[in-house]
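> One structure coming up, written as C-alpha cells, with questions to follow.
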Amino acid sequence: MTRTAMMALGALALGLGMAEAQTIRFGHVDPADWTTSKKGAAAEIFRMIVEGETDLTVELFPAGALGNENELIEQAQEGLTQVVMVSGAMSRVCKAAQVLDIPYVFPDPTVAWEVLDGPFGKALADHCLAESGLRTLAYGETGVRHFTNNVREIRTPDDMAGLKFRVQPIPLYVEMVKGLGAEPTPVPWTEVPNALATGVVDGQENPIGVIYGNNLHQMQKYLTLDGHVYATDFLVINEDFYQSLSEKDRAVIQRAARIAGTMGRAIQQFSTAQGLEAVAKDGMQVYSPTAEELAQFRDRAQPAVVEWLRGELGDQASWIDQLQEAVAQAQAD
C-alpha cells in the first residue's frame with residue numbers, strides 16, 4: 001500500500017471515529033411512549049435537550065431493543081452503548097447500590113428525592129463510578145412497591161402469615177418477605193400471571209403502575225399500600241466517553257440528565273395516582289396502613305434484610321448506616 005493510500009485510509013478511519021463519537025446510544029427496557037413510561041419520558045427529554053444544545057446526536061433504544069438491564073450495564077461498561085437507564089441491575093456492578101432497596105427505609109418518595117439529590121446520592125454516585133466506570137448523571141424513579149394478594153386484606157404483618165408471595169429472584173426480597181412472616185417464592189416476571197391464576201402464589205409485589213398496566217388487579221383482590229421499597233432508576237454514562245466530550249457538552253449532558261430524572265419521577269408519580277384510582281374503580285380493595293401498622297412492617301422486615309446485607313457488603317456495610325443517617329436528616333429538615 002502506498003503512503004498516500006495509507007494516509008487516506010487513516011483519515012477515513014479518523015473521520016469514522018469522530019462520527020461515532022458524536023452519537024450517543026441511549027438504552028432502556030421500558031416502552032418508548034413518554035406519556036406513560038418513566039424511562040421513555042426521561043430518554044426523550046434527554047435527547048431533545050442534548051440535540052438542541054450540542055452537535056451530538058442521541059439515538060434511543062427503548063423496550064429492551066439492546067437487551068435486558070444486565071446486558072445494558074455490560075454494554076455501557078464496554079462503551080458499546082454510551083448511556084443507559086437501569087434500576088436493580090446497577091447493584092451488579094456496584095454492590096452498595098443495594099442499600100436503596102432496604103425495606104421501609106424511605107417513608108415516602110419526597111424523602112427519597114431529597115436523599116438521592118443530596119450529599120448521600122453524590123457520595124454513592126462517586127463510589128459507583130470508582131467501582132464500575134459508570135458515572136451516575138441522575139436518579140429517577142421506577143416506582144414504590146406494594147403487596148397484593150387474593151386471599152385476605154393485609155393490615156399488619158400478622159395478616160401475611162401462611163401466604164405465598166411472588167418475589168424477584170433477589171436475596172434481599174426473599175429475606176424481606178421471610179421477615180414479614182410470609183413465604184417468598186421467586187418466579188420469573190413472564191410467569192407471574194400464570195402463577196397467580198393457578199394459585200402457585202397467593203400474591204405479588206410491584207409498583208401500582210405495573211400492577212395496573214399488566215392487569216394484575218384483575219387477578220388480585222386486595223392491595224396494601226405499605227410502600228416497602230422505593231425503587232430507584234440510575235441514569236448512567238460510560239466515563240471514558242463522558243471525559244472525551246468538551247466541557248460545554250458535558251455541562252449540557254449533566255443538566256439534561258437531571259431534568260430527565262425529574263421527568264421520569266413525575267411520569268411515575270402520575271402513573272401511580274392514575275393506576276390507584278383505576279384499580280379501585282375496578283373493584284380492588286385498597287388498604288392504606290396507619291403509621292403504627294407501618295412501623296410493625298418496618299420492625300419485622302428491616303432487621304432480617306439489614307443483617308443479610310451487612311454480610312453481603314462486608315467492608316462496604318457502612319453505606320447502610322450512611323443511608324439511614326441521610327434519611328433521618330431529610331425527615332428532620
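The values are calculated or read from the model by the stated rules, or taken from the named source; none is laboratory data. Since we're looking at a predicted model, the values are computed, not measured. So basically every Cβ, Gly included, is an ideal-geometry build from the backbone, and we count neighbours across all protein chains shown. Areas reflect the complete protein model, heavy atoms only, side chains present, ligands, DNA and RNA absent. Shrake-Rupley method; radii C 1.70, N 1.55, O 1.52, S 1.80 Å.
> If you take the residues of segment 120-169 that are in contact with a Gly (Cβ under 6 Å, 6 or more places away or on another chain) and hydroxyl-bearing (Ser, Thr, Tyr), which of them is surrounded by the fewest Cβ atoms within 10 Å (Cβ to Cβ)?
Residue satisfying both the conditions and the ranking: 139.
> Residue 117: in contact with a Phe, Trp or Tyr (Cβ under 9 Å, 6 or more places away or on another chain), without any contact (Cβ under 8 Å) to a residue 60 or more places away in the chain, surrounded by fewer than 23 Cβ atoms within 10 Å (Cβ to Cβ) and closer than 15 Å to residue 265 by Cα, yes or no?
yes
> I've got another one for you. Can you list residue pairs whose Cβ atoms sit under 6 Å apart, with the first residue in segment 274-289 being outside any helix (DSSP H, G or I) and the second being crowded, with 17+ Cβ neighbours inside 10 Å and of a type in the set (D, E, K, R)? Count only pairs 6 or more apart in sequence or on different chains.
289/226
> Can I ask one more? Being of a type in the set (Lys, Arg) and either over 17 Å from residue 228 (Cβ atoms) or in contact with a helix residue (DSSP H, G or I) (Cβ under 8 Å, 6 or more places away or on another chain) (or both) is the filter here, so list the residues in segment 271-316 that pass it.
Of everything in segment 271-316, those that are of a type in the set (Lys, Arg) and either over 17 Å from residue 228 (Cβ atoms) or in contact with a helix residue (DSSP H, G or I) (Cβ under 8 Å, 6 or more places away or on another chain) (or both) turn out to be 281, 300, 310.
> Something else: Determine which member of the set 39, 95 is surrounded by 23 or more Cβ atoms within 10 Å (Cβ to Cβ) and in contact (Cβ under 8 Å) with a residue 40 or more places away in the chain.
So the residue among 39, 95 that is surrounded by 23 or more Cβ atoms within 10 Å (Cβ to Cβ) and in contact (Cβ under 8 Å) with a residue 40 or more places away in the chain is 39.
> Filter segment 180-195 down to residues that are in a helix (DSSP H, G or I) and open to solvent by less than 20 Å² (accessible area, probe 1.4 Å) and give me whichever is farthest from residue 91 (Cα to Cα).
195
> Give me the residue from segment 47-83 that is surrounded by 15 or more Cβ atoms within 10 Å (Cβ to Cβ), touching a residue at least 24 places away in the same chain (Cβ under 8 Å) and among the charged types (D, E, K, R) and, out of that set, farthest from residue 35 (Cα to Cα).
Among them, the one singled out is 53.
> Another question about this same structure. Any idea which of 155, 166, 135 is more than 28 Å from residue 217 (Cα to Cα) and over 15 Å from the mean Cα position of the chain (by Cα)?
135
> Pick out, from segment 26-131, the helices (runs of 4 or more DSSP H) lying fully within it that include 2 or more residues that are in contact with a His (Cβ under 7 Å, 6 or more places away or on another chain), of a type in the set (A, V, I, L, M) and at pLDDT 95 or above.
No helices (runs of 4 or more DSSP H) qualify here.
> Report, by residue number, each residue of segment 15-25 that is at pLDDT below 50 and open to solvent by less than 50 Å² (accessible area, probe 1.4 Å).
15, 17
> Within segment 238-250, is there a residue that is part of a loop (DSSP other than H, G, I, E, B) and closer than 20 Å to residue 187 by Cα?
no
> Just to be sure, is residue 205 more than 22 Å from residue 36 (Cα to Cα) and either within 22 Å of the chain's Cα centre (by Cα) or open to solvent by less than 20 Å² (accessible area, probe 1.4 Å) (or both)?
no
> Could you tell me whether segment 256-263 includes any residue that is aliphatic (A, V, I, L, M), free of Cβ contacts under 8 Å to residues at least 12 places away in the same chain and open to solvent by 30 Å² or more (accessible area, probe 1.4 Å)?
Scanning segment 256-263 turns up no residue that is aliphatic (A, V, I, L, M), free of Cβ contacts under 8 Å to residues at least 12 places away in the same chain and open to solvent by 30 Å² or more (accessible area, probe 1.4 Å).
> Can I ask one more? Considering only residues of segment 269-308 that are β-branched (Val, Ile, Thr) and touching a Leu at 6+ places or on another chain (Cβ under 7 Å), which is most open to solvent (accessible area, probe 1.4 Å)?
The qualifying residue most open to solvent (accessible area, probe 1.4 Å) is 286.
> Of the conditions (1) of a type outside the set (S, T, N, Q); (2) surrounded by fewer than 24 Cβ atoms within 10 Å (Cβ to Cβ); (3) over 30 Å from residue 295 (Cβ atoms), residue 86 satisfies every one except a single condition; which number is it?
(2)
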